[in-house]
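The block underneath contains the structure these notes are about, expressed in structure tokens.
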Amino acid sequence: MEEPLPERGAILKAAIGIGLYAMAFGASFGAIAVGSGLTLAQTMALSLVMFTGASQFAFVGVAASGGSPFAAVPAGLLLGVRNAFYGVPISEILHPRGFARLWTAHFVIDETTAMAVSQGTPRARRFAFWATGLILFSLWQLGSLGGALIGSAVNPEEIGLDAAAPAVFLALLWPSLRRREARWVALAGAVIALALVPIAPPGIPVVAAAVAALVGGLLPDREAAQQIDEADHS
Amino acid sequence: MTPLWLAIIIAAVGCYLLKLAGVSLPESVLNHPNVQRVAQFLPIAMLSALVAVELFDGGGRYSLDWRILAGVAAGVIALLLRRGFLVVFLVAIGVTALLRLVT
């Protein structure tokens, strides 16, 4: 018998808190998705299989802008790239091999990674990953379903739902804007997208904004260089 | 199968494969500093572009619904007051819905 995990209660409590937040987030996704013209089944397919919030919002946001639905594919994928990077710490914590990789991968998202890496012991990290992953997955589905049902019952414009997508994207973006470099990248992304609105097909302006991230990421890291410089002089 | 269904399946499976790549690729690929910086900036550039397009794109030309703008501006105030996601969401749709009702 393994000893009971001392952090178990605290981790479960935090995971349920995150899950409830995800349920509200999922409900807004469900409502926006059906408001954008997706069916209930399509909305749930995104929540079950894509299962990464920002990508799901981006996909329906671009899909709603008219034109080919395939224009929404790169937008969803580019926002999902960050999950690949969470795989590095998660692999170190869980060491998934063979088939275990296939189901572990599905739960590698912002919240599970943050919860896992913030624990003190390897056992607590593993427990935090799975507790957060399974609770969040269940509540995310429940929220999406509830939101989609509410969204199909009312006129989306009447309840102001067309303001929800930009507000949600802004709320997701907000915490990263504390860094000066990030603010430049955000500004460049918006300018690129807006400049392309009248000339490019729907969906392309958002995807083209990735150039801002590419340029920003490949330019020398001024903030890090400055810190090293200051350390040298102190 | 409709094009929308096909696009959903491609994007959803693609997002899963990105997660799978993360737990399968050798660490050295993803640990490169430049690669990490680009990956950090990607969501920032794209979310910002999405905000801009949602606000000002009226189907291939610039347009603006001031009631949506007012709702999002109210959401920004909620963010400045350090409110959580749900409050921002409710404030934005509430203000927009109210302005629609009275104008």
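Looking at B:46, B:1, which one is more than 7 Å from every other protein chain (Cβ to nearest Cβ) and either in contact with a helix residue (DSSP H, G or I) (Cβ under 7 Å, 6 or more places away or on another chain) or assigned to a loop (DSSP other than H, G, I, E, B) (or both)? Criteria check complete, one pass: B:1. When restricted to residues that are more than 7 Å from chain B (Cβ to nearest Cβ) and surrounded by 24 or more Cβ atoms within 10 Å (Cβ to Cβ), segment A:39-50 contains 2.
Every residue, every condition in (1) more than 7 Å from chain B (Cβ to nearest Cβ); (2) touching a residue at least 60 places away in the same chain (Cβ under 8 Å); (3) of a type outside the set (A, V, I, L, M, F, W, C), yes or no:
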residue	(1), (2), (3)
A:152	yes, yes, yes
A:155	yes, no, yes
A:162	no, yes, yes
A:197	no, no, no
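Restricted to segment A:108-138, and to residues there that are without any contact (Cβ under 8 Å) to a residue 40 or more places away in the chain and among the aromatic types (Phe, Trp, Tyr), the residue that is surrounded by the fewest Cβ atoms within 10 Å (Cβ to Cβ) is A:130. Across segment A:61-74, what is the number of residues that are more than 7 Å from chain B (Cβ to nearest Cβ) and within 18 Å of residue B:42 (Cα to Cα)? Qualifying residue count for the region: 3.
Residue-by-condition table, conditions (1) modelled with pLDDT of 90 or more; (2) under 29 Å from residue A:213 (Cβ atoms):
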position	(1), (2)
A:75	yes, yes
A:107	yes, yes
A:127	yes, no
A:142	yes, no
A:146	yes, no
A:159	no, no
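Among the residues here, residue B:72 does not qualify as among the aliphatic types (A, V, I, L, M) and either on the phi > 0 side of the Ramachandran plot or touching a Lys or Arg at 6+ places or on another chain (Cβ under 6 Å) (or both).
The values are calculated or read from the model by the stated rules, or taken from the named source; none is laboratory data. Note that the structure is a prediction, hence the values are computed from the model and not measured. Backbone-built Cβ (ideal geometry, glycine too); neighbour counts: all protein chains shown.
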